[in-house]
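Worksheet: the structure to be examined is printed underneath.
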Amino acid sequence: MSGIDCRQAETLVARYIKHTLSTDELEEFLDHIEHCSSCYDELETYFIVHEAIQQLDEKEDGTVLDFRELLEQDIRRSRRYIRQKRWLHFLSVIFFMAVVIVAASFVVFLVMEVTHFL
Ligand SMILES: [Zn+2]
């Protein structure tokens, strides 16, 4: 398994929070924090600080947010995002192959038609 280590995970935390990781980086990061509690704790700390700062900018409506729950939601959303990206990639590959097959068949058809009249 080609996972990332704690040092690499640490460098991805800030970008995870800003949602600027690539799909592959995101997946490796999520795989790591799922099995590494110290990196998860680190992520949680960053996340809470980040969310708390965001809260300051927004109007106070008196609701106290559960940051741990928010982080779990964020992770679930990230997992879903990876699945959608992978699925879209898969569909585009299938679509591309279908186009190539149709184009190739058409060329074969044309060649056969042309040679028929020669
Ligand atoms: Zn770790």
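The values are calculated or read from the model by the stated rules, or taken from the named source; none is laboratory data. These figures come from a predicted structure and were not determined experimentally. Methodologically, a virtual Cβ is constructed for each residue, glycine included, from the backbone with ideal geometry; neighbour enumeration extends over all protein chains shown. To get the accessible areas, we keep the full protein, side chains included, count just its heavy atoms, and leave off ligands, DNA and RNA. Shrake-Rupley method; radii C 1.70, N 1.55, O 1.52, S 1.80 Å.
What the table shows:
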| item | result |
| --- | --- |
| Within the chain, helix-based [θ] at 222 nm, where runs of 4 or more DSSP H residues each add -39,500 (n - 2.57), nearest 500 | -28500 deg cm²/dmol |
| Potential extension, Ile48-Val108 segment - 0.36 nm per residue separation minus Cα distance | 15.5 nm |
| By average C-beta atoms within 10 angstrom, highest first, the peptides 31-39, 17-25 | 31-39, 17-25 |
| In sequence order, calculated HN-Hα J values of the range 76-93 (Karplus, 6.51, -1.76, 1.60; Hz; x Gly/Pro) | 4, 4, 5, 4, 5, 4, 4, 4, 5, 4, 4, 5, 4, 4, 4, 4, 5, 5 |
| Charge dipole (debye, nearest 20) of the chain; +1 at Cβ of Lys and Arg, -1 at Cβ of Asp and Glu | 720 debye |
| For the chain, Cys with no neighbouring Cys Cβ under 4.7 Å | Cys6 |
| Protein accessible area in the chain, 1.4 Å probe - carbon and sulfur % | 63 percent |
| Nearest-0.05 FRET efficiency for Phe95 and Leu70, computed from C-beta distance (R0 25 Å) | 0.10 |
| Probe 1.4 Å, protein heavy atoms only - accessible area per residue of the range 6-91 in square angstrom | 72 Å² |
| The chain: radius of gyration and largest Cα-Cα distance (Dmax), Å | 23.8, 84 |
| For the chain, with +1 on Lys and Arg beta carbons and -1 on Asp and Glu, the positive-most of Leu30, Val49, Ile82 along the dipole | Ile82 |
| Karplus-derived HN-Hα couplings along the range 97-103 (A = 6.51, B = -1.76, C = 1.60, θ = phi - 60°), whole Hz, x at Gly and Pro | 5, 4, 4, 5, 5, 5, 4 |
| Peptide ranges 7-13, 71-77 listed from the most packed, as the mean C-beta count within 10 angstrom indicates | 7-13, 71-77 |
